[in-house]
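Inspection log for the structure reproduced underneath, given as C-alpha cells.
The values are calculated or read from the model by the stated rules, or taken from the named source; none is laboratory data. In this text, all values refer to a predicted model and were calculated from it rather than measured experimentally. Neighbour counts run over all protein chains shown; Cβ positions are idealised from the backbone, glycine included. For accessibility, only protein heavy atoms count, side chains too; no ligands or nucleic acids. Shrake-Rupley method; radii C 1.70, N 1.55, O 1.52, S 1.80 Å.
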Amino acid sequence: MIRTFIAVELDPGFTERIRELQARFSGFDLKFVDPELVHITLKFLGNVDELRVSPLSAALDSITCEPFEAKIGGLGVFPKPSNPRILWLGATGNFKVLHDNVEELLEPFKFEKDDREFTAHATLARIKFLKKEQKTTFINIVKELKDIEIGTMWVNKVLLKKSTLTPKGPIYETLHTVYMD
C-alpha cells in the first residue's frame, strides 16, 4: 500500500516568498511544510494498493478541465481563528471545477467523498500548540497577512503523488502527470 494524493504544484518561483512568510511565524510551535513541497491538494486518497496506480492514472487522463490562471495569496487558518490547526496560503482560479472533475473521475474507485466543501489552499504549517498568550499575536500576524499576494501561475497539469512519511518530513514522488489541454 502506498499513501497517495492528487495535487497541483505551486510555481517554483514562489518558494522564496513562502519561506519568508513562514519565517514570520518562527516564534511559534509549528510544523512547517518544506517550501519546496508546498502544493494544493485536490484529493487525498490515503493508502492505495500499488496495483490501482495504473487504473487511477488512466482515469485522471480523462480530466476535461481547461488550463487556467491561478492567483496565489491570502493567508488563513483552519478550522477557525479561535482554534487554529492549519496555517494556509489561499489560491483562486478554476480549482473548484478541477476538484469536481477529479472527484467525478474517481467515483468508480469508491474513495470517500470529502465531507467539507473544497477550499483551494496550500498548507504552510500545522499548528502543534499555541500558548494562550501567543494566540493573539499569532492571529494578528495572520490578519496582517490575510491579503498578501504571492503571484499568479498557470495551472496546466495535475499530479498523482506518492507520500512517504519520514521523521524528517514527507518525501513526495510523482507517480503520474496529467497535462490539461
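Restricting region 86-119 to GluC sites (Glu not before Pro) that sit in a DSSP loop and have at most 13 other Cβ atoms within 10 Å of their own Cβ leaves E112, E117.
Here the sum of -39500 (n - 2.57) over DSSP H runs of 4 or more residues, divided by the residues of the chain, equals -7000 deg cm²/dmol at 222 nm, to the nearest 500.
Summarising the label geometry, the points placed 7 Å from Cα in the beta-carbon direction at F68 and R126 lie 2.9 nm from one another.
Rg of the Cα atoms in region 50-121, relative to 2.2 N^0.38 Å, amounts to 1.34. In this structure, the pairs whose alpha-carbon distance is over 28 Å, taken from K135/K157; K43/K128; K71/K131; K71/K132; K31/K143; K110/K162, are K135/K157; K71/K131; K71/K132. Among rounded, prolate and oblate, which fits region 101-144 when a ≥ b ≥ c are the square roots of the eigenvalues of its C-alpha gyration tensor, a/c under 1.5 means rounded, and a/b larger than b/c means prolate? It is prolate, given that a/c is not under 1.5 and a/b is the larger ratio. Note: relative contact order over the chain, using C-alpha pairs below 8 Å and six or more positions apart, is 33 percent.
The overall shape of region 92-181, judged from the alpha-carbon gyration tensor, is prolate: a/c is not under 1.5, and a/b is greater than b/c.
So, with a 1.4 angstrom probe, what is the percent of accessible area on the chain that is carbon and sulfur?
Here carbon and sulfur together make up 50 percent of the probe-accessible area.
In the full protein context, the chain carries 57 Å² of accessible surface per residue, based on a 1.4 Å probe and ignoring ligands, DNA and RNA. For the chain, the extents of the C-alpha atoms along the principal axes are 50, 33, 29 Å, listed from largest to smallest. Potential lengthening of the chain between I86 and E112 amounts to 7.2 nm, from the contour at 0.36 nm per residue minus the alpha-carbon distance. Would you look at the GNM of the chain, springs on alpha carbons closer than 10 Å, and say which of I141, I63, I150 moves the most? So, out of I141, I63, I150, the one fluctuating most is I141. Taking a point 7 Å from the Cα of T137 along the Cα-to-Cβ direction, the residues of region 1-44 with backbone N closer than 14 Å to it are 24-30. Straightening the chain between N94 and D11 buys 28.3 nm, computed as 0.36 nm per residue apart minus the Cα-Cα spacing.
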